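Have a look at the structure below, then the notes.
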């Protein structure tokens with residue numbers, strides 16, 4: 001079935017749509033979630049959460065803004081990162097942090113951070129397709145360098161070198177701004 005027909009079936013809430021959607025996109029979601037969540041049980045629960053979120057928010061999907069795989073990939077990545085953060089919070093043994101927030105945590109700083117993120121994404125959009133793919137694999141989808149190398153048929157050293165050059169190019173373009 002064509003993706004547009006599948007999306008239409010999801011939006012129409014047809015009973016057979018979600019299982020077909022899961023079958024069509026499970027490999028993509030597993031591919032995105034696996035590097036973020038090493039535990040198999042977490043991955044399976046995350047997979048279920050991703051498809052539930054997709055079902056609940058399918059009305060928000062707009063093909064004019066991007067492909068269904070990009071939309072679902074973002075849902076998968078964010079869901080996996082949220083689960084990872086929740087797992088980390090549960091593992092912390094100490095009492096809750098009672099330190100007051102740093103003075104730099106106000107609305108002005110949040111606006112500056114948001115603008116820096118927008119500038120980064122504009123710079124990433126200006127990379128050529130191969131550089132952008134490499135950057136996204138490593139820093140957006142959190143894929144291990146060895147996995148990237150294997151899938152692209154490159155040596156580990158070649159991938160590390162290309163990533164270094166991409167980071168350097170972005171850093172130069174953004175004026176040498178460093179992460180805080």
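Summary of values
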read-out: Proxy reagent accessibility, fewest Cβ within 10 Å first, across 33, 124, 117; value: 117, 124, 33
read-out: Helix 40-57 axis, angle to the chain major axis (alpha carbon atoms, nearest 10°); value: 70 degrees
read-out: 0 to 90° range, to nearest 10: angle between helix 129-139 axis and the chain longest Cα axis; value: 80 degrees
read-out: Modelled FRET efficiency - R0 30 Å, residue 119 with residue 147, Cβ distances, 0.05 increments; value: 0.60
read-out: Residue order, fewest to most beta carbons within 10 Å, for 160, 64; value: 64, 160
read-out: Taking 55, 121 and counting other C-beta atoms within 10 Å, the order from fewest to most; value: 121, 55
read-out: Whole-angstrom gap from the range 142-156 to the range 43-65, using each part's C-alpha centre; value: 27 Å
read-out: On Cα atoms only, tilt of 156-173 relative to the major axis of the chain in degrees; value: 70 degrees
read-out: FRET efficiency for residue 11 and residue 126, using Cβ-Cβ distance with R0 set to 25 Å, rounded to 0.05; value: 0.15
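A short reminder: the numbers here are calculations on the coordinates, not readings from a lab. Every value quoted in this text rests on a predicted model; they were computed, and no experiment measured them. Please note: Cβ atoms are built from the backbone with ideal geometry, for glycine as well, and neighbour counts cover all protein chains shown.
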